[in-house]
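A.B. asks: Got a structure for you, written out below as C-alpha cells; questions coming shortly.
The values are calculated or read from the model by the stated rules, or taken from the named source; none is laboratory data. These numbers come from a predicted model, not from an experiment. Neighbour counts are summed over all protein chains in view; Cβ atoms, including those assigned to glycine, are modelled from backbone coordinates with ideal geometry. Note: accessible area is taken over every heavy atom of the protein model, side chains too, but ligands, DNA and RNA are not part of it. Shrake-Rupley method; radii C 1.70, N 1.55, O 1.52, S 1.80 Å.
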Amino acid sequence: MNGKIRLAGLVFAFVFAPVLLGATGYAEKGKGPEIHAKIGVISILTGPGAAYGEAITNGFKLAQEEMNARAGLRIDLVIEDSSGKQEQALAAAQKLINSDQVVAILGPTLSTEMKVVGPEANASGVPIMGTSTTAQGITQIGKFVFRNSLPEALAIPASIGKAVRKYNLRKVALLYGNDDVFTKSGYDTMKKVSEEMKLAILTTETFQKGQADYKAQLTKIKNLAPDAIFCSALYEEGAVILSQARKMGIAVPFVGGNGFNSPKVIEIAKGAADGLVVATPWFGEKDDPKVKAFVAKYEKRYGKKPDQFAAQAYDGLTLMAEGLKKAGKADRAALRDALAGIRNFHGVLGTFSFDEERDVVMEPAVLIIRNGKFQLFR
Amino acid sequence: MAVDWLNPYHLQVASFVLINTLLGVSIYVTLATGQLSLGNAGFMSIGAYTTAILTTRHGFPMPAGIVAGSVVAALAGIAVGIPSLRLTGVYLAIATLGFGEVVRVVFVNWESLTGGAVGIAAIPQMGRELLASLRDAGFAPESIGLRGNQFISLSVFLILFASTLCAIGFFFRLGSSRVGRAYAAVRMDERAAEAAGIDTTYYKVLAFTQGAMLSGFAGALFAHATSYISPADFTYHRAVEILVFAVFGGSEHLLGPVFGAMLLTALPELLRSVSDYRYIVYGILLIAMMVFRPQGLIDPPLVNRLAGKKAAGGGSRDAA
C-alpha cells in the first residue's frame, strides 16, 4: 500500500515536473529580463555612532533579502564604513562610485557627511538617498540627492502643533544643545514654529554634548513657570534632562524633536519620561499588517525591536527597488527619474511621497510617553 | 579613450593623505625647537573658516582665500605664541590644547559669522571650480581623455601635491639653514643656545608661527577639498591625530611625520576589506610601534643609513 502511493507520487512527479518547470519559466519570462543592481551603502560601522549604523545596515539587509526573494530583481549591497567622519565618507563614496560602479548610494548616516558626499554624488550623476539625514538643505544639494528620513522641519511643527492645541500652551521655554548640527537645526525649527504660533518664549537655554548636570538651566526655567518646555536634544542628554527636571518638580510637558524619539529615553529616565511628546515617522505598534510583519521579521532575525533608523533604512532600500522596477534597468539617470516620480508609496513608515525637491512628504505620527510606553498622542 | 586606471577614489584618498602630510609637517616645525604644540587643529580651523567665510560670503577668489586663511592663522600663531612660549613641555601642550578648544567653542557660538554647529556648506571645491572656469575658456577634459570627475579629482590631487612638495622642500632646506640650525640648538639646550647668542624667544615664536601658518594652509585646502566644514571637524581628536603622525612616524626627522601621516591616513582605506575590524588593526599597530620603536618609525640614524654617508644635515642631529 505504502509502496503504491510512493510509486504514484513518482509518476505524478515525472509527469508534472516539466509542466511546473515550464510554468515557472513562463512566469519569469512574463516579468521581463532580470534587473541586476549593485547599490552602495555608506554607514557608520566603527566608532561612536556605530549603534545607528548597525540598525541601519540591519534594515538594509532585511529589505535586500526580501527584494531578492522576488523574481525580476537582484540587489547586491556594497557596504562601506565612514566612522562618522566626512573625509572617510567622501572616500567611501568615491570608491563606490568609481571602483564598484554602483547604480545608487544609500546613506551616509549623518547630515554633516551628506553635505560632503552629496555634491560629489550629484556631480557624478549617482542617485543618493539619505535614510537618516534630518537637517535642512539636504536634497537642495542637487537633483540626484534624495532622502526618506523625516526632516526636523516636518517633525517639530507636528509635535508642537498638537501639544499647543491639546494643552493650550501660551508661554514656553526652549532648551537645546548648541554644539551639535542635529540639535541646533532642531532648535532653529522650534524657534521658528513658536514665533509663527505666537507663543511667548520666556527663555532660551543651551547645553553641550555630554553634559551631566542641567540644574542651572532647569532652575531658571522653573522660576519662569512656562506651560511647556521645547527641548532639542539627542536621547543621551535628553533623558537625563527629563529625569533631573522631574526631580526638581517641573511637571509641565516636554516637546522634543526626532532625536528624542528612542526607547532608550524610557530606559534611562524611567517614570520621569512620562509626558514627553515627540513626532516620528516610525511607530512600531501601528495597526498595519506591513508594520507588524516587518517588526516580527526583524525581531526574529536580530533579537530586538526595530527602531526608527532600521525602519527608515528598510523603506529606503524598498524605495530603491521600486525605482529600479519602474526604471526597468540598472541605470543611474533612469533610476533618478524613476525615484523622483514616486508618489504615495506604501511602506512601513506609512504613505510616502517625494516632493518636487526630492524631499519627504508624509504625515508624521505624534507620540507621547505614558506609563513608560510610547502611545499615539491624540 | 578614457584613462580608466585613473580612479577618483584613489586620488581622493591621496588628497587626504597630502593634507594630513601638511599637518604632519606643521607639528614637526614646532617640535624642531623642542616645543610640543597641540594647537594645530585650532590653527587649521582658523585657516579653514577664514577662507570659507571669505569665498562664500564676500566673493573672494579661492587662491586669495587660501592665502588669507594661512595669514590669519599665522597672526593667531604670533598672538598665541608670544605669551604661551614662556611655558614649556607638558604645560605648553595643555595651553595649546586649550587654545584649540577655545577656537572651536568660539566657532560654535559665533553663529552670525560661522553658522554655529551647522557649519558652512557649499564652499567652492577646487577641482569643480577649476573645471568650470576651464570649460568657460573652451577646454573640455574629454579632449585629453578624462571624464569630468577624473579631471576634478586629478586637479585637486595635483594642486595638493605641488603644495605639499613645496612645503616639504622649504622645511627641508630650512633644516640646514641658519634658522634650522638655530632651531636645533634651541631644541637641544635652550640655555646653551641663548649663551651662544641665539635669540631663543624669536626663534621659538618663529617656529610656532610657521607651524600655525602651515596648519592654517592645510585647513584652507581641506575646506576647498571637502566643500563643507563644521566645528566638529576640529575637535581635540584632530589635534591628537596630528600628534600621532609625529609620534608614529618619528619626530626627529622631517620625513618622520610625513611618513606617519601618509601611512596612518592610507591605512584605514587599505583595511576597508576587513571593515568592522579596521580600527582594531590600526590600534594594535600603534601599540606595537610604541613597544618596538618608541622613537617613531623614522629617525635620523635610519635616514642616514638609507641615504648612505652624504646626509650631513641629519648627522649633526645624531648627536642629540
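A.B. asks: Which condition from (1) closer than 21 Å to A:ILE138 by Cα; (2) surrounded by fewer than 22 Cβ atoms within 10 Å (Cβ to Cβ); (3) not hydroxyl-bearing (Ser, Thr, Tyr) is the one that A:GLY316 breaks?
C.D. replies: Of the numbered conditions (1) closer than 21 Å to A:ILE138 by Cα; (2) surrounded by fewer than 22 Cβ atoms within 10 Å (Cβ to Cβ); (3) not hydroxyl-bearing (Ser, Thr, Tyr), the odd one out for A:GLY316 is (2).
A.B. asks: Of all residues in the stretch A:82-116, count the ones that are open to solvent by 10 Å² or more (accessible area, probe 1.4 Å), over 21 Å from B:ALA232 (Cβ atoms) and among the small types (Gly, Ala, Ser).
C.D. replies: Within the stretch A:82-116, residues that are open to solvent by 10 Å² or more (accessible area, probe 1.4 Å), over 21 Å from B:ALA232 (Cβ atoms) and among the small types (Gly, Ala, Ser) number 1.
A.B. asks: Let me ask something additional. Could you identify the single residue in A:ALA311, A:ALA228, A:ALA269, A:ALA245 that is in the same structural domain as A:GLU54 (by TED's automatic domain parsing), of a type outside the set (Lys, Arg) and either more than 16 Å from the chain's Cα centre (by Cα) or crowded, with 23+ Cβ neighbours inside 10 Å (or both)? Steps first, please.
C.D. replies: On the way: A:ALA228 fails: in the same structural domain as A:GLU54 (by TED's automatic domain parsing); A:ALA269 fails: in the same structural domain as A:GLU54 (by TED's automatic domain parsing); A:ALA245 fails: in the same structural domain as A:GLU54 (by TED's automatic domain parsing).
Of A:ALA311, A:ALA228, A:ALA269, A:ALA245, the one residue that is in the same structural domain as A:GLU54 (by TED's automatic domain parsing), of a type outside the set (Lys, Arg) and either more than 16 Å from the chain's Cα centre (by Cα) or crowded, with 23+ Cβ neighbours inside 10 Å (or both) is A:ALA311.
A.B. asks: So, one more: Return the residue satisfying two criteria in turn: it lies in the stretch A:248-277 and is at pLDDT below 90 and not in a helix (DSSP H, G or I), and of such residues it is farthest from A:LYS191 (Cα to Cα).
C.D. replies: A:SER262
A.B. asks: Something else now. Within the stretch B:87-107, does at least one residue satisfy the condition of being buried (at least 24 other Cβ atoms within 10 Å of the Cβ), aromatic (Phe, Trp, Tyr) and within 13 Å of chain A (Cβ to nearest Cβ)?
C.D. replies: yes
A.B. asks: Let me ask something else. Quick check on A:ALA104: is it of a type in the set (Gly, Ala, Ser) and within 14 Å of chain B (Cβ to nearest Cβ)?
C.D. replies: Taking the combined requirement at face value, the residue does not satisfy it.
A.B. asks: Looking at the stretch A:49-68, is at least one residue of a type in the set (Gly, Ala, Ser), closer than 21 Å to A:LEU339 by Cα and more than 10 Å from chain B (Cβ to nearest Cβ)?
C.D. replies: Filtering the stretch A:49-68 for residues of a type in the set (Gly, Ala, Ser) gives A:49-51, A:53, A:55, A:59, A:63.
Retained after the next criterion (residues that are closer than 21 Å to A:LEU339 by Cα): A:59, A:63.
Keeping just the survivors that are more than 10 Å from chain B (Cβ to nearest Cβ) gives A:59, A:63.
Yes, some residue in the stretch A:49-68 is of a type in the set (Gly, Ala, Ser), closer than 21 Å to A:LEU339 by Cα and more than 10 Å from chain B (Cβ to nearest Cβ).
A.B. asks: While we're looking at this one, here's another question. Give all pairs with beta carbons closer than 8 Å in which a residue from the stretch A:88-113 that is under 26 Å from B:ILE120 (Cβ atoms) and not assigned by TED's automatic domain parsing to the domain that holds A:LEU45 meets a residue that is open to solvent by less than 10 Å² (accessible area, probe 1.4 Å) and hydroxyl-bearing (Ser, Thr, Tyr); count only pairs at least 6 apart in sequence or on separate chains.
C.D. replies: Every condition considered, no pair remains.
A.B. asks: What number goes with the only condition from (1) modelled with pLDDT of 90 or more; (2) surrounded by 19 or more Cβ atoms within 10 Å (Cβ to Cβ) that A:LYS191 does not pass?
C.D. replies: (2)
A.B. asks: Restricting attention to the stretch A:113-167, which residues are over 18 Å from the mean Cα position of the chain (by Cα), of a type outside the set (Gly, Ala, Ser) and within 14 Å of chain B (Cβ to nearest Cβ)?
C.D. replies: If the condition is that a residue be over 18 Å from the mean Cα position of the chain (by Cα), of a type outside the set (Gly, Ala, Ser) and within 14 Å of chain B (Cβ to nearest Cβ), then A:VAL116, A:VAL117, A:PRO119, A:GLU120, A:ASN122, A:VAL126, A:GLN140, A:ILE141, A:PHE144 are the ones that fit.
A.B. asks: Regarding the stretch A:83-100, can at least one residue be identified that is away from every other protein chain (no Cβ under 12 Å), among the small types (Gly, Ala, Ser) and over 21 Å from A:GLU356 (Cα atoms)? Give the steps one after another, and end with the answer.
C.D. replies: Looking only at the stretch A:83-100, we keep the residues that are away from every other protein chain (no Cβ under 12 Å), and these are none.
No, because not a single residue in the stretch A:83-100 is away from every other protein chain (no Cβ under 12 Å), among the small types (Gly, Ala, Ser) and over 21 Å from A:GLU356 (Cα atoms).
A.B. asks: Same structure, new question: For B:GLY138, only one of the following conditions fails: (1) within 13 Å of chain A (Cβ to nearest Cβ); (2) open to solvent by 40 Å² or more (accessible area, probe 1.4 Å); (3) over 21 Å from B:ALA225 (Cβ atoms). What is its number?
C.D. replies: Unmet for B:GLY138, out of (1) within 13 Å of chain A (Cβ to nearest Cβ); (2) open to solvent by 40 Å² or more (accessible area, probe 1.4 Å); (3) over 21 Å from B:ALA225 (Cβ atoms): (1).
A.B. asks: Which members of the stretch A:150-169 meet the condition of being at pLDDT below 90 and not aliphatic (A, V, I, L, M)?
C.D. replies: Once the filter is applied, which keeps residues that are at pLDDT below 90 and not aliphatic (A, V, I, L, M), the stretch A:150-169 yields A:PRO151, A:GLU152.
A.B. asks: Here is a further query. Would you check if B:LEU221 is surrounded by fewer than 24 Cβ atoms within 10 Å (Cβ to Cβ) and part of a helix (DSSP H, G or I)?
C.D. replies: So B:LEU221 fails the test.
A.B. asks: Counting only residues that are touching a residue at least 40 places away in the same chain (Cβ under 8 Å), assigned to a helix (DSSP H, G or I), of a type outside the set (Ser, Thr, Tyr) and more than 9 Å from chain A (Cβ to nearest Cβ), how many does the stretch B:108-127 have?
C.D. replies: Total satisfying the criteria: 2.
A.B. asks: Shifting gears a bit: Which ones in the stretch B:283-294 are surrounded by fewer than 16 Cβ atoms within 10 Å (Cβ to Cβ) and either without any contact (Cβ under 8 Å) to a residue 24 or more places away in the chain or over 21 Å from the mean Cα position of the chain (by Cα) (or both)? Before the answer, list the steps.
C.D. replies: Within the stretch B:283-294, the first condition is being surrounded by fewer than 16 Cβ atoms within 10 Å (Cβ to Cβ), and the residues that meet it are B:283-288, B:290-294.
Answer for the stretch B:283-294, where residues must be surrounded by fewer than 16 Cβ atoms within 10 Å (Cβ to Cβ) and either without any contact (Cβ under 8 Å) to a residue 24 or more places away in the chain or over 21 Å from the mean Cα position of the chain (by Cα) (or both): B:GLY283, B:ILE284, B:LEU285, B:ILE287, B:ALA288, B:MET290, B:VAL291, B:PHE292, B:ARG293, B:PRO294.
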